[in-house]
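Student: The structure's right below; bear with me while I get my questions together.
The values are calculated or read from the model by the stated rules, or taken from the named source; none is laboratory data. All figures in this text were calculated on a predicted structure; none of them were measured in a lab. Because the Cβ atoms are built from the backbone with ideal geometry, glycine has one as well, and the counts that use them run over all protein chains shown.
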Amino acid sequence: MKITLQNIGRRFNRDWIFRNIDYTFTSGETYAILGPNGSGKSTLLQVLNGSLSPSIGSISYALDDKLIEAEDIFKQLSLAAPYLELIEEFSLDEMTDFHFKFKPYLQGMDKESLIALLNLDGSKNKLIKYFSSGMKQRLKLALAFCSDTPMLMLDEPTSNLDTQGVDWYLNLVEKFALNRLTIICSNQEHEYSFCKHRLNISDYKK
């Protein structure tokens, strides 16, 4: 998988959030998009995943050297982000079934193994709205990591997680992020310390 940005910029009204980004993201590599809160990290991630259009510049996607249209890129990625809501009226069992109608499981994974990974075997029929914020975040991450997609995009992945939850997240990275194009938006080093490449949004403010 490859994402190529050429002179990408995004503005809100007359103010540029970022501009003049020339960058290439490739499969098997890990990238961190860095910057303080409100700097535009999430906005850039939404441009990368096709949910926002750039104000200027062009973005192209290729899988095995075949171009993919921006409106179809959602099929190739898994996303976990604070602004991505779970369906709270669903039980854990129903939420898992619903998610995997749209994405295939990673090889060797199924609903039972995902719920075991979450250590929530006793909560299959519990409604998501009764989950703690930490349980919801774990579920978002598990659904993203365990979906068989070439791209994995995570925004503030350890928000609402305690120390044990952070260790659990890093274990997911070791198990399920290999050979994928992985992009992390963060300003906390423990979330992205494993990333080989760093893109600082502050470098593209001028």
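Student: List the residue pairs whose Cβ atoms are under 6 Å apart, where the first residue sits in region 94-109 and is over 16 Å from residue 124 (Cα atoms), the second is not in a loop (DSSP other than H, G, I, E, B), and the two are 6 or more positions apart or on different chains.
Tutor: Partner pairs satisfying both residue conditions: 103/147.
Student: Right, here's the next one. Looking at region 162-179, which of the residues that are of a type in the set (S, T, N, Q) and in a helix (DSSP H, G or I) is surrounded by the most Cβ atoms within 10 Å (Cβ to Cβ)?
Tutor: Taking region 162-179 as the starting set, the residues that turn out to be of a type in the set (S, T, N, Q) are 163-164, 171, 179.
Filter again for in a helix (DSSP H, G or I), leaving 163-164, 171.
On the way: 163: 9, 164: 9, 171: 11.
Here the residue is 171.
Student: Mind listing just one residue for me: the one in region 121-136 that is surrounded by 14 or more Cβ atoms within 10 Å (Cβ to Cβ) and out of contact with any Phe, Trp or Tyr (no Cβ under 9 Å at 6 or more places or on another chain) and, of those, nearest to residue 47 (Cα to Cα)?
Tutor: Residues of region 121-136 surrounded by 14 or more Cβ atoms within 10 Å (Cβ to Cβ): 123-124, 126-128, 131, 134-136.
Now drop any that are not out of contact with any Phe, Trp or Tyr (no Cβ under 9 Å at 6 or more places or on another chain), which leaves 124, 126, 131, 134-136.
On the way: 124: 35, 126: 35, 131: 30, 134: 27, 135: 28, 136: 25 Å.
That would be 136.
Student: Check whether at least one residue in region 40-50 is without any contact (Cβ under 8 Å) to a residue 40 or more places away in the chain, surrounded by 14 or more Cβ atoms within 10 Å (Cβ to Cβ), farther than 20 Å from residue 169 by Cα and touching a helix residue (DSSP H, G or I) at 6+ places or on another chain (Cβ under 8 Å), and report yes or no.
Tutor: yes
Student: Only residues in region 57-81 that are in contact (Cβ under 8 Å) with a residue 24 or more places away in the chain and within 29 Å of residue 159 (Cβ to Cβ) count as the first member; pair them with residues that are among the aromatic types (Phe, Trp, Tyr) and in a strand (DSSP E or B), Cβ under 6 angstrom, at least 6 apart or cross-chain, and list the lot.
Tutor: Pairs that qualify, where the first residue is in contact (Cβ under 8 Å) with a residue 24 or more places away in the chain and within 29 Å of residue 159 (Cβ to Cβ) and the partner is among the aromatic types (Phe, Trp, Tyr) and in a strand (DSSP E or B), are 73/61.
Student: Let me ask you something else. If I filter region 75-132 down to residues being more than 19 Å from the chain's Cα centre (by Cα) and of a type in the set (Gly, Ala, Ser), which single residue comes out as farthest from residue 61 (Cα to Cα)?
Tutor: Of everything passing the filter in region 75-132, 122 is farthest from residue 61 (Cα to Cα).
Student: Would you pick out the residues in region 171-184 that are under 18 Å from residue 24 (Cβ atoms) and either at pLDDT 95 or above or in contact with a Cys (Cβ under 8 Å, 6 or more places away or on another chain) (or both)? Working first, answer last.
Tutor: Restricting attention to region 171-184, the residues satisfying the condition of being under 18 Å from residue 24 (Cβ atoms) are 179-184.
If the condition is that a residue be under 18 Å from residue 24 (Cβ atoms) and either at pLDDT 95 or above or in contact with a Cys (Cβ under 8 Å, 6 or more places away or on another chain) (or both), then 181, 182, 183, 184 are the ones that fit.
Student: Also, quick follow-up: Scan region 153-174 for residues that are more than 19 Å from residue 187 (Cβ to Cβ) and not aromatic (Phe, Trp, Tyr) and jot them down. Before the answer, list the steps.
Tutor: Going through region 153-174, the residues more than 19 Å from residue 187 (Cβ to Cβ) turn out to be 164, 167-168, 171-172, 174.
Within region 153-174, 164, 167, 171, 172, 174 qualify.
Student: Here is a further query. If you check 79, 86, 52, 5, which single one turns out to be assigned to a loop (DSSP other than H, G, I, E, B) and modelled with pLDDT of 95 or more? Steps first, answer last, please.
Tutor: Values: 79 fails: assigned to a loop (DSSP other than H, G, I, E, B); 52 fails: modelled with pLDDT of 95 or more; 5 fails: assigned to a loop (DSSP other than H, G, I, E, B).
On inspection, the qualifying residue turns out to be 86.
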